[in-house]
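Report on the structure given below.
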Amino acid sequence: MESGFKQCIENAKSLTLLYVEDNVGVRAGSMLIFEEFFGSVIEAVDAEDGLEKFKKYPVDLVITDINMPKMSGLEMAERMRKMSPNTPILILSAYNDTPYFVESIRLGVEGYLLKPVEIGQFMEVLSRVIAKIHLQNENQKIQMLLSQYLDVTNKSAIVSKTNKEGVITYVNDAFCSISGFNRHEIIGQKHNIIHHPDMPDDFFEALWKSIKSGNLWQGVIKNRSKSGSSYYVKSAIKPILDIQGEIVEYIALNNDITEIMNPKKQLFDYLSVSKESIVVLFKIENFATIEEFYGNELMELLEKRLSEKLFVGVSSICPFKKIYLLGSGEYAIAIEKSQCPLDVEHFCQKIKEFLQLIESSTIHLNEIEYNVSLLASLAYGGKEPYQSAHYGIKKLEKKRTNFILATNLIVEMQTQAEVNMGIMIAVKEALKSSNIVSHFQPIVDNKTQKIIKFESLVRLINQNGTLWHPSDFLDVSKKGRYYTQITQRVLENSFEALYDTTAGISINLSAVDIEEKATREKIISLLEVHKNEVHRVTFELLEDANVKEFDVIKRFIQEVKERGVNIAIDDFGSGYSNFGRLLDYEPDMIKIDGSLVRNLATDSYSLSIVKTIVGFAKEHQIKTVAEFVEDETIFTILCAIGVDYSQGYYFGKPQLIQAYKDTEGF
């Protein structure tokens, strides 16, 4: 999953959270979730403890309960605000009474979450907080830079004041500089003199409604200078009250963020003020490979030429005003749904026709003529159209098709994110409780039908006692930090099993496993500890197209073979198998892929491939194992063509090794 939520989780890893909760059970449950998101989590057992730890430790974010003994969470938040006004604070409570909301707003907390926390709601609030932290950090950098050469009262701030009718009564030098107006031109004018036409009227209606209610308004505004150029400000606008609490004027403090507004940010800014948007993402197919071949300079020219061609083409479909060049061969266009004259069916058809037109045309890059293949993902309104379209591009790259209607795909992504989070928590708990176990499936000698080895296969027992297979949790674990721990636990289980049987033990290792230094060190340590049994150990290597360090793998194989370990190539005959790599690994055994074995009785093509593998293996004195042997017919064919060993349900299913104690060869 390559999405906004994934980016949110990655960004949160650099943050320190202070979590304040007096309920032991709630705190323990919540810590399981928070530790998955944040790089560091500091626990506080009540508000007083929280206040002390806030003073003692550098904290990026505070999440606190409200109702606690001695001091409430809101009182603690107020004291924290006095010490550190910019530290984000989230209120987590089972209460939804209006006074709590009002007090939270008064304190300027970043969010109010009701228990129990819904993961999607939490992710949305966390994304906003991280964005705020990012902008605060950027503001600090800008202010530090300006302080070196500006000796004025309001350093780095663009300040203006208006009366209750929105007429400008004061501006500082920074305001004049960025807007291009001098004081004589600007004072006395309505503030909308600098409004950019891209900003819709309802955006400012909502802004005025907020500040007229006495609230602080914060957000990003796109303005237009006297010369007509655009600039962006991060703005905070607050009413100034007299002693009777009546609004007398408004003050706005702004920071120029134009330089940090990259095209994606500008796109997000446009989408944030749009009621419902249509978003189309285009991506050059196989961009990374093409970039390696042609180089950066030529690809920059390609991106520029293609952006011009795309904009002309899409503008003929709908009145788009801008194309956003997002980098890495990706482009975006967006428009308010109400401004598009086409319904979704006709829009899809137009985009498909445009893709065909692009593929049939040629782009001239100096002396090179290039034909571009594009992917296109369309979110026709709906929830979070950019994220949906982005998720659509990811799907297209896997499906190898060039168009997808991606409206509301974000819902699918959020659902999958929740599932993945549950899996990660289950894996963490299983590792803590030693419930990552190994089941063992026998491998038999085809001549004697006696067990000569067991393959170690990982399983997870969840908190309900349900047995999970690798497909239930392993792929998700590879995206987190627990995969290496799972591999090491399987290694430990497998070496311990050597003392429960006289047969050999086969252990699966992927290229990812071997490339991981900690895993290699663990293996060498286990081989040393169990050196008297090493001759019964086989490592089954699964080939992978994404091998990054082939030399590391070859050296590892050489080292373990010198210690007496046998090497097998797993799933040979499918995927990325090749005879050249086979000779590089110098295996003792080849495991023939089950997709070939299960079709031997009905598919002559599969039979021919297996015969070829067996012939090659015999010529090089390599033993062969057939996987997925499920019936006598398949077993008979394997014996006839000379396969040495068999593995499958015909001989036994994976189970705890003790289940085979009465089996011959055990």
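Here is the size of segment 433-660 from its Cα atoms: Rg then Dmax, 17.1, 51 Å. Here the chain is treated with +1 on each Lys and Arg Cβ and -1 on each Asp and Glu Cβ, and its dipole about the Cα centre works out to around 1200 debye. Taking θ as phi - 60° and the Karplus parameters 6.51, -1.76 and 1.60, the scalar couplings of segment 624-638 work out to 10, 10, 9, 9, 6, 7, 10, 8, 5, 4, 4, 4, 4, 5, 4 Hz in sequence order, x denoting glycine and proline. Here's the picture: charge each Lys and Arg Cβ at +1 and each Asp and Glu Cβ at -1 in the chain, and of Q485, G392, N182 the one pushed furthest to the positive end of that dipole is N182. Take every Cα pair under 8 Å whose residues are at least 6 apart in sequence, average their separation, divide by the length of the chain, and the relative contact order is 7 percent.
Bridgeable lysines around K661 (alpha carbons under 16 Å apart, same-chain partners fewer than 8 residues away excluded): K450, K453, K653.
Within segment 232-284, the GluC sites (Glu not before Pro) that combine a DSSP coil assignment with at most 13 other C-beta atoms in a 10 angstrom radius are E246, E276. Evaluating 6.51 cos²θ - 1.76 cosθ + 1.60 at θ = phi - 60° for every residue in segment 24-38, the Karplus couplings come out as 4, x, 4, 4, 5, x, 5, 4, 4, 6, 5, 5, 6, 8, 9 Hz, glycine and proline recorded as x.
Residues whose amide H lies under 5 Å from that of M68, counting only those 5 or more places away or on a different chain, are G73; hydrogens are built 1.01 Å from N in the peptide plane. Under 18 Å of direct C-alpha separation, and excluding same-chain neighbours fewer than eight residues apart, K164 reaches these aspartates and glutamates: E205, D242, E246, E249.
Under a 5 Å amide H cut-off, with hydrogens placed 1.01 Å from N, G180 pairs with K226 among residues at least 5 apart or on other chains.
Going from the alpha-carbon gyration tensor of the chain, what semi-axes, largest first and in whole Å, does one get by taking the root of 5 times each eigenvalue?
After scaling each eigenvalue by five and taking roots: 59, 35, 21 Å.
Dividing the helix sum by the residues of the chain, where each DSSP H run of 4 or more adds -39500 (n - 2.57), gives a mean residue ellipticity at 222 nm of -13500 deg cm²/dmol. Which percent of the Cα-Cα distances in segment 167-297 go past 23 Å? Across segment 167-297, Cα pairs with separations above 23 Å total 46 percent.
Can you give the local net charge around D242? Use residues other than it whose beta-carbon is closer than 12 angstrom to its beta-carbon, Lys and Arg +1, Asp and Glu -1.
-1
Expressed to the nearest 5 percent, the antiparallel share of DSSP beta bridges inside the chain is 60 percent. For segment 170-182, putting each phi into the Karplus relation 6.51 cos²θ - 1.76 cosθ + 1.60 with θ = phi - 60° gives couplings of 7, 9, 9, 4, 5, 4, 4, 5, 7, 7, x, 8, 8 Hz, in residue order, rounded to whole numbers and with x for Gly and Pro.
Taking the dipole about the Cα centre of the chain, with the C-beta of Lys and Arg at +1 and of Asp and Glu at -1, give me whichever of F203, F635, A659 is farthest to the positive side. Ranked along the dipole, the leading option is F203. Considering only Cα atoms, the convex hull volume of segment 299-450 works out to 221 Å³ per residue. Exceeding 20 Å between C-alpha atoms, which entries from my cross-link table qualify? They are K522/K554; K561/K591; K337/K394; K350/K383. The answer is K337/K394; K350/K383.
Taking other residues whose beta carbon is less than 14 angstrom from the beta carbon of N599, and scoring Lys, Arg as +1 and Asp, Glu as -1, yields -3. Contact order, relative form, for segment 158-260: 28 percent (alpha carbon pairs under 8 Å, 6 or more residues apart, mean separation divided by residue count).
Where a number appears in this text, it was derived from the coordinates with a stated rule and is not lab data. Just so we're clear, the structure is a prediction, and the values are computed from it rather than from any experiment. Every residue, glycine as well, gets a Cβ built from its backbone with ideal geometry; the counts of neighbours run over all protein chains shown.
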